[in-house]
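Remarks on the structure that follows.
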Amino acid sequence: MNWKIIFQLSIFGLIMAFATVQLIPERIEPVFWLFIFAFCAWVIAKVCPGKYFLHGFLVSMVNCIWITAVHVIFRMTYVAHHPQMASINTNMPASLLSHPRLTMVIMGPIFGAGFGVILGLFSFIASKIVKKDQVTV
């Protein structure tokens with residue numbers, strides 16, 4: 001496993017975590033993620049020696065740590081700019097309704113795993129398309 005590249009690519013998640021709190025509207029956020037996932041998949045396919053799906057999945061899991069932490073810390077600002085995410089809380093069990101930050105902490109890894117599967121698939125597919133650089137001796 002190339003933990004260095006996993007951590008480096010997860011910095012996009014940290015940047016997006018802060019950007020989505022107030023700067024990036026909910027409706028165009030998926031476009032940013034699509035470009036980030038495509039770039040990450042390309043880098044994983046270029047740099048990693050194998051286990052492309054796992055590398056992509058782990059990048060998203062580290063992303064979910066960054067994103068969940070930032071969104072929990074800045075919850076009020078995040079919810080004010082993302083009403084759809086606020087409405088998700090209304091469908092939660094009563095025990096979680098009084099703890100919206102706890103709900104975010106619980107749902108973060110679930111979303112991270114879901115997007116991890118997507119980035120993992122992107123990475124696997126990119127590994128079949130992207131040509132690795134040949135090292136000449």
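The values are calculated or read from the model by the stated rules, or taken from the named source; none is laboratory data. On a predicted model such as this, the values are computed, not experimentally measured, just so you know. Cβ placement follows ideal geometry from the backbone for every residue including glycine, while neighbour counts extend to all protein chains displayed. The accessibility values were calculated without ligands, DNA or RNA, using every heavy atom of the protein model including side chains. Shrake-Rupley method; radii C 1.70, N 1.55, O 1.52, S 1.80 Å.
Structure values in brief
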quantity: Extreme residue, positive dipole direction of the chain, given options Tyr78, Val105, Ile11 (C-beta unit charges); calculated: Ile11
quantity: By accessible area with a 1.4 Å probe, ligands and nucleic acids excluded, highest first: order of Thr20, Thr68; calculated: Thr68, Thr20
quantity: Lysine pair number, Cα distance threshold 14 Å (strictly under), the chain, separation 8 or more or different chains; calculated: 4
quantity: Principal-axis tilt of helix 100-129 within the chain, Cα atoms, nearest 10 degrees; calculated: 20
quantity: Protein-only accessible surface order, largest first, of Ile11, Ile6 at 1.4 Å; calculated: Ile11, Ile6
quantity: Arg75, Arg27, reordered so the largest accessible area comes first (probe 1.4 Å); calculated: Arg27, Arg75
quantity: Rounded percent of accessible protein surface that carbon and sulfur make up, the chain, 1.4 Å probe; calculated: 74
quantity: Computed magnitude of the charge dipole of the chain (debye, nearest 20; Cβ of K, R +1, Cβ of D, E -1); calculated: 320
quantity: Label point 7 Å beyond Cα of Asn2 along Cβ direction - residues of the range 42-70 with amide nitrogen under 13 Å; calculated: 42-56, 59
quantity: Between 0 and 90°, nearest 10: helix 3-22 axis offset from the chain longest Cα axis; calculated: 30
quantity: For the chain, accessible area per residue (1.4 Å probe, heavy atoms of protein chains only), Å²; calculated: 61
quantity: Degrees separating the helix 52-73 axis from the principal Cα axis of the chain, which is the longest one; calculated: 30
